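The values are calculated or read from the model by the stated rules, or taken from the named source; none is laboratory data. This structure is a prediction, so every number in the text was calculated from the model and none was measured. Using ideal geometry, Cβ is built from the backbone for each residue, glycine included, and neighbour counts are taken over all protein chains shown.
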Amino acid sequence: MTDDERVKILGKTEVKELYYRLDDVKYNNISKPRVLSGIEDLDYNISGFEMGLITIWTGLTNAGKTTVMTMIAKKTIEQGERVFFFNGEQTKEDFKNNLYIQASNKKDLVRVQYRNSIVKDTFVTKAKAQELEKIYGNKIFIFNNESARDIDTLLYAMEEVRKREKIRVFFLDNFMQIDIKSDNVFQEQTNIMEKIRTFAVNKKVHIHLVAHPRKTERFQVRLSEHDILGSSNLSNKAGNIISIMRMDKIRNDNKEKEKLEKELLNLDYDLNTVDTVLEIIKTKGQNFKTSLVGLQYDRELRTFIPSKKLYNEDKEKIKYNYEENSKEELPWQI
């Protein structure tokens with residue numbers, strides 16, 4: 001077949017080989033490039049955030065999705081990376097203030113009273129702000145929300161910062177804030193997701209994508225990949241899907257909460273320190289064994305830290321209390 005015939009069939013002016021021999025590919029024992037979240041149990045289970053993949057983050061309203069994104073962005077920068085943010089629902093001023101609060105110590109915070117009211121806002125000191133400006137000022141690039149927010153404009157901006165600033169980690173918060181111009185919503189969502197996935201794969205970058213869940217049952221606690229709002233292609237094209245659950249938003253008489261607490265205890269988490277739970281719904285991580293990761297929320301610094309783990313003696317005491325008060329078969333009895 002001539003080059004002209006191949007171009008006619010494939011409809012391309014530049015045609016690459018359609019197949020290769022195995023020995024054309026050089027074997028190497030070098031790990032794939034990735035960044036870590038700083039949450040040990042999460043990194044172990046998903047093998048870190050590999051380049052060329054999308055991680056979808058989901059969770060009910062006010063679960064802490066944006067907080068987790070800021071926290072992971074900070075950890076990503078600590079590993080020598082730069083990052084790009086699309087903040088569809090957050091002003092650039094709020095984003096910067098929340099980042100600076102997360103990156104500070106409590107002694108660096110100041111409370112400012114609003115006029116003569118009881119309302120107070122939290123900021124960092126001027127000295128701390130100047131210090132953080134030197135750390136983050138040229139490492140975080142934020143999409144201008146005054147620009148068109150369609151997928152083609154967004155991807156153009158992402159490609160610009162990838163080439164100019166060598167950025168490999170992108171945060172899109174959230175999927176539903178990308179403008180849709182077609183009446184066929186699901187088809188356009190499919191097209192948007194395909195473009196995002198193609199960008200991640202071809203450019204060898206990692207994309208953190210926040211996607212809200214569809215309306216769930218009133219007492220539903222845990223989400224599945226089918227609960228993510230929009231086309232099913234969102235879930236299908238993601239390498240990781242992680243749900244964020246706030247424990248204080250679950251009613252104490254909810255049987256699902258009791259089951260969740262028992263599973264956490266089986267994983268050695270101290271239930272007194274678990275404010276939020278990450279559930280790994282889907283992953284390509286090679287080490288995936290457990291789906292739950294417990295986090296503790298620091299309200300002053302607006303960030304999460306890993307929850308404490310129990311020593312065996314403390315764990316056995318809590319198990320005994322559960323066994324005394326429950327007739328159900330417990331996870332550690334199976």
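From Arg164, Arg168, Arg149, grab the single residue that is more than 22 Å from the chain's Cα centre (by Cα) and basic (Lys, Arg). Spell out how you get there, then give the answer.
Details: Arg168 fails: more than 22 Å from the chain's Cα centre (by Cα); Arg149 fails: more than 22 Å from the chain's Cα centre (by Cα).
On inspection, the qualifying residue turns out to be Arg164.
Just so you know, in the range 145-181 the residues that are of a type in the set (Gly, Ala, Ser) and touching a residue at least 12 places away in the same chain (Cβ under 8 Å) include one that is nearest to Lys75 (Cα to Cα), and it is Ala157. The single condition among (1) closer than 29 Å to Lys204 by Cα; (2) in a loop (DSSP other than H, G, I, E, B); (3) among the acidic types (Asp, Glu) that Asp183 does not meet is (1).
Candidates in the range 232-256 are the residues that are crowded, with 19+ Cβ neighbours inside 10 Å and of a type in the set (Ser, Thr, Tyr); of these, the one that is farthest from His206 (Cα to Cα) is Ser243. In the range 118-131 there is no residue matching the filter, namely being of a type outside the set (Asp, Glu), closer than 27 Å to Met51 by Cβ and either crowded, with 19+ Cβ neighbours inside 10 Å or in contact with a Leu (Cβ under 9 Å, 6 or more places away or on another chain) (or both). Residues that are surrounded by fewer than 21 Cβ atoms within 10 Å (Cβ to Cβ) and of a type outside the set (A, V, I, L, M) within the range 49-64 comprise Glu50, Gly52, Thr61, Asn62, listed in sequence order. Here is a check on your reading of the model: is Tyr114 surrounded by 12 or more Cβ atoms within 10 Å (Cβ to Cβ), more than 16 Å from the chain's Cα centre (by Cα) and not small (Gly, Ala, Ser)? It is false that Tyr114 is surrounded by 12 or more Cβ atoms within 10 Å (Cβ to Cβ), more than 16 Å from the chain's Cα centre (by Cα) and not small (Gly, Ala, Ser).
So for the range 78-88 (the condition being modelled with pLDDT under 95 and loosely packed, with under 11 Cβ neighbours inside 10 Å), does at least one residue qualify? Can you show your working first?
We begin by selecting, within the range 78-88, every residue modelled with pLDDT under 95; these are 87-88.
Checking the rest, the ones that are also loosely packed, with under 11 Cβ neighbours inside 10 Å come to none.
Scanning the range 78-88, I find no residue that is modelled with pLDDT under 95 and loosely packed, with under 11 Cβ neighbours inside 10 Å, so the answer is no.
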